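Colleague: Below you will find the structure I want to go over with you.
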Amino acid sequence: MNLSPLQKARYEYSPKLPGMLRNGIAEICVKEGSETQSVADQDKIKALFPNTYGKKEITFQKGQNTSAAKKQVVGVILSGGQAPGGHNVVCGLYDALKATDKNNVLLGFKGGPSGLIDDKYIEFDDAFIDQYRNTGGFDIIGSGRTKLETEEQFKIVTEVAKKHGLTAVVIIGGDDSNTNAAVLAEYMAAHNTGVQVIGCPKTIDGDLKNEDIEASFGFDTATKTYSELIGNIERDANSAKKYWHFIKVMGRSASHVALECALETQPNICLIGEEVAAKKMSLSQIADQIADAVEKRAAQGNNFGVAIIPEGIVEFVPEFSALIAEINELLAGKKTEEFNALPSWEAKYDFIKKGLSKEAMAVFEILPQGIQQQLFLERDPHGNVQVSLIESEKLFAEMVKNKLEERKAKGTYKGKFGTQHHFFGYEGRCAFPSNFDADYCYSLGYNAFMLIQYGYTGYLSKVSNLSKPAEEWVAGGMPITKMMNIERRNGEDKPVIRKALVELDGKPFKYFEANRDKWAVETCFTYPGAIQYYGPASVCDLTTRTLALEKG
């Protein structure tokens, strides 16, 4: 294998563990907290999870290990999109398992949850694991988006577990994957299989968080990676002084990534979807807000700037959501085939005009033609518009351009408006994990095995107090059902982990809100630079601005 100098050096990095996990397996005991209940719909969630609901939160501390000694055969899967640090969760799990008993076995099931169903796996050993320590990506065993949710799937997984003598399964994933972990844990408990199920919180979007889970892993590295790139663009803009850069960043259902990048780089504009929804802002109002900043900067001779756009922004705009709902209805069933068979865009436009309400058509007509056509690209598996394919960075750049042309005609705007467009997504998902994510992920994996060793199931591996040095981190576990509520999915009520949106009364947004008017007009750019792995802890172990503000 050809290795870069950094990769060789990262193999040798020893991730830091929380203090109570550093004393050796024999000196870790459990402290039980109070019983828990779900965040909402308590009766419904309790009825769906009679064997795993209401369990106690636990923390690990220094003391005599009282867990029963037995050989452990653990299966692990990576589920959903990649996030930096996933390899270290597996490494931490492996190291804890082997430190407890060298005869313990860790099986990695390949390609996500489908690996459990298809029985495709690898048995890890030291040589194999050592190739992946402190590296980005999920290529150690691959990932996938198969959901474990049907009776038939659970029966197959039970048979595979029985075949290998599995005592536990660890599912590393986001909110949907950990919802699946809770459902699988309930099934295994209800059928007395003896198989425990533990989850680990992963997503670069940052929307798997609550009072217990302070951060999902990967968010730190991804936002630092994007912020480096945004800082580079800001420096370029401030040098060339001739472009407005519209930058879309990942974050389909929440704007945590956009907000963190704004706190890191202080751009002129950052849209926050949750605020757009709360204020019921229209596309036109958003474009006016950006145009105001462009006009004010142009008056100072600054015909350049940077705007950050969250990936899912259009879904937060009420009028746009209503438009998409009508388009989904318009193309329901076989109408998609009828639409696709039309010979030209003009014919398709007439079809759309006849099918949409007057209000929806008014919104549709203000969109640039390229965006209009993107709304009618290939549907998702449920027949809906794939909103993530909409180039919202180009949408707002074009709408602002039109606004400025109107202002120029009235004589209120005299500047120049050139644009560049960027989308930062995949660049951050498999980056070399920061020291924070390397440490946090290793701790989550190590901690997951401690939960297994003490017999817990349906729990999420939890490491908190993350704004402090790793020595002060607190390791433990929380029942996944505590995070759940009932949501309507595809016409059915489903138990799901509640997504965490940006809190408009939270400290990170309040800090942004207090400074954005100044950032909009003045050039206040900050340049975070590349992630640092070696040097003073104040630089290398830096936490996100979001976490620092939340924890004071």
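Colleague: Considering only segment 128-145, state which residues are without any contact (Cβ under 8 Å) to a residue 40 or more places away in the chain and surrounded by 17 or more Cβ atoms within 10 Å (Cβ to Cβ).
Modeller: ILE129
Colleague: Out of all the residues in segment 433-452, is one or more over 27 Å from ASP205 (Cβ atoms), in the same structural domain as PRO479 (by TED's automatic domain parsing) and not acidic (Asp, Glu)?
Modeller: The answer is yes, given that some residue of segment 433-452 is over 27 Å from ASP205 (Cβ atoms), in the same structural domain as PRO479 (by TED's automatic domain parsing) and not acidic (Asp, Glu).
Colleague: In this structure, does VAL294 turn out to be touching a helix residue (DSSP H, G or I) at 6+ places or on another chain (Cβ under 7 Å) and assigned to a helix (DSSP H, G or I)?
Modeller: Taking the combined requirement at face value, the residue satisfies it.
Colleague: Can you find a residue in segment 507-528 that is within 27 Å of GLU264 (Cβ to Cβ), aliphatic (A, V, I, L, M), in a loop (DSSP other than H, G, I, E, B) and out of contact with any strand residue (DSSP E or B) (no Cβ under 8 Å at 6 or more places or on another chain)?
Modeller: No; the residues of segment 507-528 include none that is within 27 Å of GLU264 (Cβ to Cβ), aliphatic (A, V, I, L, M), in a loop (DSSP other than H, G, I, E, B) and out of contact with any strand residue (DSSP E or B) (no Cβ under 8 Å at 6 or more places or on another chain).
Colleague: Confirm whether ALA258 is farther than 30 Å from TYR456 by Cβ, aliphatic (A, V, I, L, M) and either touching a Pro at 6+ places or on another chain (Cβ under 6 Å) or modelled with pLDDT under 95 (or both).
Modeller: yes
Colleague: Also, I was wondering about something else. I'd like to know if segment 143-159 contains one or more residues that are aromatic (Phe, Trp, Tyr) and farther than 24 Å from CYS441 by Cβ.
Modeller: Within segment 143-159, one or more residues are aromatic (Phe, Trp, Tyr) and farther than 24 Å from CYS441 by Cβ.
Colleague: Could you pull out the residue among ALA347, ALA360 that is among the small types (Gly, Ala, Ser), at pLDDT 90 or above, assigned to a helix (DSSP H, G or I) and surrounded by fewer than 18 Cβ atoms within 10 Å (Cβ to Cβ)?
Modeller: Every option except ALA347 fails the conditions.
Colleague: Of everything in segment 147-158, what is surrounded by 13 or more Cβ atoms within 10 Å (Cβ to Cβ) and either under 18 Å from LYS110 (Cβ atoms) or not aromatic (Phe, Trp, Tyr) (or both)? Give them in sequence order.
Modeller: Selection gives LYS147, LEU148, GLU149, GLN153, ILE156, VAL157, THR158.
Colleague: Filter segment 23-55 down to residues that are touching a strand residue (DSSP E or B) at 6+ places or on another chain (Cβ under 9 Å) and of a type in the set (A, V, I, L, M, F, W, C) and give me whichever is farthest from MET450 (Cα to Cα).
Modeller: Of everything passing the filter in segment 23-55, ALA40 is farthest from MET450 (Cα to Cα).
Colleague: Quick check: is even one residue across segment 178-194 modelled with pLDDT of 95 or more and in a strand (DSSP E or B)?
Modeller: Among the residues of segment 178-194, not one is modelled with pLDDT of 95 or more and in a strand (DSSP E or B), which makes the answer no.
Colleague: Now, a different point. Does segment 144-162 contain any residue that is assigned to a strand (DSSP E or B) and closer than 16 Å to LEU78 by Cα?
Modeller: Checked segment 144-162: at least one residue is assigned to a strand (DSSP E or B) and closer than 16 Å to LEU78 by Cα.
Colleague: Between ALA409, ALA397, which is assigned by TED's automatic domain parsing to the domain that holds ALA293, of a type in the set (Gly, Ala, Ser), surrounded by 20 or more Cβ atoms within 10 Å (Cβ to Cβ) and assigned to a helix (DSSP H, G or I)?
Modeller: Exactly one of ALA409, ALA397 is assigned by TED's automatic domain parsing to the domain that holds ALA293, of a type in the set (Gly, Ala, Ser), surrounded by 20 or more Cβ atoms within 10 Å (Cβ to Cβ) and assigned to a helix (DSSP H, G or I), namely ALA397.
Colleague: Against the condition surrounded by 17 or more Cβ atoms within 10 Å (Cβ to Cβ), touching a residue at least 12 places away in the same chain (Cβ under 8 Å) and not in a helix (DSSP H, G or I), how does VAL74 come out, does it pass?
Modeller: Spelling it out, VAL74 is indeed surrounded by 17 or more Cβ atoms within 10 Å (Cβ to Cβ), touching a residue at least 12 places away in the same chain (Cβ under 8 Å) and not in a helix (DSSP H, G or I).
Colleague: Taking SER34 and the conditions (1) more than 27 Å from the chain's Cα centre (by Cα); (2) surrounded by 14 or more Cβ atoms within 10 Å (Cβ to Cβ); (3) of a type in the set (S, T, N, Q); (4) not in a loop (DSSP other than H, G, I, E, B), which numbered condition does it fall short on, given that it satisfies the others?
Modeller: Evaluating SER34 over (1) more than 27 Å from the chain's Cα centre (by Cα); (2) surrounded by 14 or more Cβ atoms within 10 Å (Cβ to Cβ); (3) of a type in the set (S, T, N, Q); (4) not in a loop (DSSP other than H, G, I, E, B) leaves (2) as the failure.
Colleague: A follow-up question, please. Please verify whether GLY383 is at pLDDT below 90, under 29 Å from THR146 (Cβ atoms) and either in the same structural domain as LYS242 (by TED's automatic domain parsing) or not hydrophobic (A, V, I, L, M, F, W, C) (or both), treating the condition exactly as stated.
Modeller: Yes; evaluated as a whole, the condition is true for this residue.
Colleague: Sticking with this one: Looking at (1) in contact (Cβ under 8 Å) with a residue 60 or more places away in the chain; (2) hydroxyl-bearing (Ser, Thr, Tyr); (3) surrounded by fewer than 24 Cβ atoms within 10 Å (Cβ to Cβ); (4) more than 15 Å from LEU116 (Cα to Cα), which one does THR193 not meet, given that it meets all the others?
Modeller: (1)
The values are calculated or read from the model by the stated rules, or taken from the named source; none is laboratory data. What you see is a predicted model, and the numbers here were worked out from it, not measured in a lab. No Cβ is skipped: glycine too gets one built from the backbone with ideal geometry, and neighbour counts run over all protein chains shown.
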